[in-house]
Structure formats: C-alpha cells, structure tokens
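The values are calculated or read from the model by the stated rules, or taken from the named source; none is laboratory data. Bear in mind the structure is a predicted one, so any value in this text is a computation, not a measurement. Positions of Cβ are backbone-derived with ideal geometry, glycine not excepted, and every protein chain shown enters the neighbour counts. Ligands, DNA and RNA are excluded from the accessible area calculation, which covers all protein heavy atoms including side chains. Shrake-Rupley method; radii C 1.70, N 1.55, O 1.52, S 1.80 Å.
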Amino acid sequence: MLSENLVSALNKQMNIEFQAAHDYMAMAAYCHSISYNGFAEFFLSQAAEERDHGMKVYTYLNDKGHLAVFSALKEPKSEYGALIDTFTAALAQERAVTKSYYEIYAIAEKEREYQTLSFLNWFLDEQVEEEATFETHIDYLTRIKDDANALYNYEQTFSAE
C-alpha cells in the first residue's frame, strides 16, 4: 500500500496532466481561430498525449489498490497575444509538470517506495523530451519572427506530423 501522502501527490499529478490536456485543447482552439491549423493539430496531439499521461497515473493508482480522485479543471486561457505565446505558455506548463514529478519522486524516495520510483522514471524521461520540443519550437518561431513565408512553411511541418 502507498502512503496517504504519496497517493495524494499522485492524484494531484493525475489532475495536473488532465488540466494540461485541457489547456492544450484551448491552445489548439486559439490556433484554429487564427487559421493556424497545423499548429492547432500539434496542440491537439499534445492534449491527447497529456490525457494518456493522466491515464497512466490513473491506472497506476488503481493497480496499487487506490482510488483515483478527480478534481475540477480550471478554465484555460483562450486568448494569446501572438502564436509564440502559446508555445511559451506550454513550455512554462511543462516545466511546472516536471517540478511536480520531482516532488513526487522525492516523496517516493523518502518512503523507499521503489515501484513508484520505477514508475516515475518514465515520466521524468518524457519531460526532458517535452521541454526540449517546446524550446526548439520557440527558437524557430523567434528566428522566423514576422516572415510570413517562413511561418507558413514551418506550419506545414506540423500538418504533416
């Protein structure tokens, strides 16, 4: 059995993942509203990935004999000043998710809950990829600036994914 503290932290993380999916859906809607359909598809894909992460935590809690407890989702931001702002918001979100996983890892480590540590390692590895992906897209969008042709070409790479 997991400690109450660890179960609480895992439930919180599960809800963070579902909130992230909700936020990415809103970013996709924003991109669609300004006719950046390729970028919208990227954010829809990210939303699906975050839902999968939430479900992994859900399944782990259930496999360990604990109830997955859902909390209300916050209303996501729906307007951004510019396309790049969606990516900077997403990067900040991914960094917060990483920090949360570190906190859970510290709890599991302190409690010598080795199965949970093993479970969490996948997420820590995944977060390296997530942060790097958004950092790269921000670098590209910063370089592109207001070059409409370059932005169009870059967006097409998202449509092809």
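Which of the pairs LYS12/LYS64; LYS12/LYS99; LYS56/LYS77; LYS56/LYS99; LYS64/LYS99; LYS64/LYS110 have their Cα atoms more than 20 Å apart in this structure? Violating the 20 Å Cα-Cα cut-off are LYS56/LYS77; LYS64/LYS99. Using C-alpha pairs below 8 Å separated by at least 6 residues, the relative contact order for the chain is 30 percent. Measure nothing fancy, just the Cα-based angle from helix 37-63's long axis to the longest principal axis of the chain, in degrees from 0 to 90, nearest 10. Roughly 0 degrees between the two axes. With all protein chains in place and a 1.4 Å probe, the accessible surface of the range 1-58 carries 53 percent carbon and sulfur. Projecting the Cα atoms of ALA148, ALA20, PHE158 onto the charge dipole of the chain (Cβ charges, centred on the Cα centre) puts ALA20 farthest toward the positive pole.
Projecting the Cα atoms of SER35, THR86, TYR58 onto the charge dipole of the chain (Cβ charges, centred on the Cα centre) puts TYR58 farthest toward the positive pole.
Cross-link reach is defined here as a Cα-Cα straight distance under 17 Å, omitting same-chain residues fewer than 8 places apart; for LYS74 the aspartates and glutamates meeting it are GLU17, ASP23, GLU50, GLU94. If only the Cβ of Lys and Arg carry +1 and only the Cβ of Asp and Glu carry -1, the dipole of the range 97-161 around its Cα centre is close to 140 debye.
On a 0 to 90° scale, report how tilted helix 83-110 is relative to the longest principal axis of the chain, with both axes built from alpha carbons and the result rounded to the nearest 10. Roughly 10 degrees between the two axes.
Once fully extended, how much extra length lies between ILE34 and TRP122, figured as 0.36 nm per residue of separation less the alpha-carbon to alpha-carbon distance? If you can, show how the numbers build up before the last one.
Numbers: separation 88, 0.36 × 88 = 31.68 nm, distance 3.53 nm.
That pair, ILE34 and TRP122, stretches by 28.2 nm at full extension.
Under 10 Å, Cα contacts only: if you run a Gaussian network model on the chain, which one of MET14, MET55, MET27 comes out with the highest mean-square fluctuation? Most flexible of the set in this elastic network: MET55.
Could you please tell me the mean projected area of the C-alpha convex hull for the range 65-135, averaged over all directions and given in square nanometres to one decimal?
For the Cα atoms of the range 65-135, the hull's average projected area reads 6.2 nm².
To the nearest 20 Debye, how big is the dipole of the chain about its Cα centre, given +1 on the beta carbon of each Lys and Arg and -1 on that of each Asp and Glu?
With Lys and Arg at +1 and Asp and Glu at -1, about 420 debye.
In this simple spin-label model, placing a label point 7 Å from the Cα along the Cα-to-Cβ direction at both ASN149 and LYS56 gives a separation of 4.2 nm.
The alpha-carbon atoms of the range 20-161 define a convex hull whose volume equals 108 cubic angstrom per residue. Size descriptors for the range 48-96: radius of gyration and Dmax over Cα atoms are 14.8, 45 Å.
Estimated from helical segments only, the mean residue ellipticity of the chain at 222 nm is -28500 deg cm²/dmol, where each DSSP H run of four or more residues counts as -39500 (n - 2.57). Per residue, the accessible area of the chain comes to 55 Å², computed with a 1.4 Å probe over protein heavy atoms only. Rounded to the nearest whole Hz, the Karplus-based 3J(HN,Hα) values (6.51 cos²θ - 1.76 cosθ + 1.60, θ = phi - 60°) of the range 131-143 follow the sequence 5, 4, 4, 5, 4, 5, 5, 5, 4, 5, 5, 5, 5, with x at glycine and proline. Specify the angular offset, from 0 to 90 degrees and rounded to the nearest 10, of the alpha carbon long axis of helix 4-33 from the longest principal axis of the alpha carbons in the chain. The helix 4-33 is inclined about 10 degrees to the chain. Average projection, convex hull of the Cα set of the range 1-102: 6.4 square nanometres.
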